[in-house]
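Colleague: Questions regarding the structure given below will be posed in turn.
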Amino acid sequence: MEIENAILVLAALAQPTRLETFRLLVKHEPEGLPAGEIARTLEVPQNTMSSHLNILSRAGLVSSERQSRVIAYRAEMEKLRELTLFLLKDCCGGKAELCAPLIADLAPCCSPQKAKS
C-alpha cells in the first residue's frame, strides 16, 4: 500500500459514522448488510448513510452488490489487511519481538475458533 492510499483509507475511517459502519460490516462478514439495515442499526438517515458508504467505497473499504431491489454492502477485508500490514510493516524499528504483543492482542478476536462460535 502506498502512503497516499493509506491516507485515503485512514481519512475515510476518521469520522464516527463511517468507522462504525465499517466495524458493523466487518462483524457481518461474509454476507454483508443492506444499506437500509446499516442506516437503521446506526440510526442514521438513509441519504446520509449513502454518502458515508460512497466515501468508504471510494477508499476501497466497502463493496456493494445488487441483490434484487436491495444493495448489500460488504467490508473489503483485503483492504483492511493491506492497511494493517502497512501500519505494522516497520513496526518497532524492525524488532519483531516488540510487535508480538500487538499481534497477540489480535489473535483472540481473529482466531478460527472464535469465528466458528
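Colleague: Which of the residues spanning region 43-52 are over 16 Å from Val26 (Cα atoms) and either modelled with pLDDT under 95 or part of a helix (DSSP H, G or I) (or both)?
Modeller: Those that are over 16 Å from Val26 (Cα atoms) and either modelled with pLDDT under 95 or part of a helix (DSSP H, G or I) (or both): Gln46, Asn47, Thr48, Met49, Ser50, Ser51.
Colleague: Could you tell me whether Glu31 is assigned to a loop (DSSP other than H, G, I, E, B) and under 18 Å from Val70 (Cα atoms)?
Modeller: Yes; evaluated as a whole, the condition is true for this residue.
Colleague: Looking only at residues in region 53-105 that are part of a strand (DSSP E or B) and exposed (fewer than 13 other Cβ atoms within 10 Å of the Cβ), which one is modelled with the lowest pLDDT?
Modeller: Gln67
Colleague: Can I ask one more? Is it the case that some residue within region 2-10 is touching a helix residue (DSSP H, G or I) at 6+ places or on another chain (Cβ under 9 Å), farther than 25 Å from Lys89 by Cα and of a type in the set (A, V, I, L, M)?
Modeller: The answer is no; no qualifying residue exists.
Colleague: Among the residues of region 11-52, write down those that are touching a helix residue (DSSP H, G or I) at 6+ places or on another chain (Cβ under 8 Å) and free of Cβ contacts under 8 Å to residues at least 12 places away in the same chain.
Modeller: Leu19, Ala39, Pro45, Gln46
The values are calculated or read from the model by the stated rules, or taken from the named source; none is laboratory data. Because the structure is a prediction, the values reported are computed rather than measured. A quick note on method: Cβ atoms are made from the backbone with ideal geometry, for glycine too, and the neighbour counts reach across all protein chains shown.
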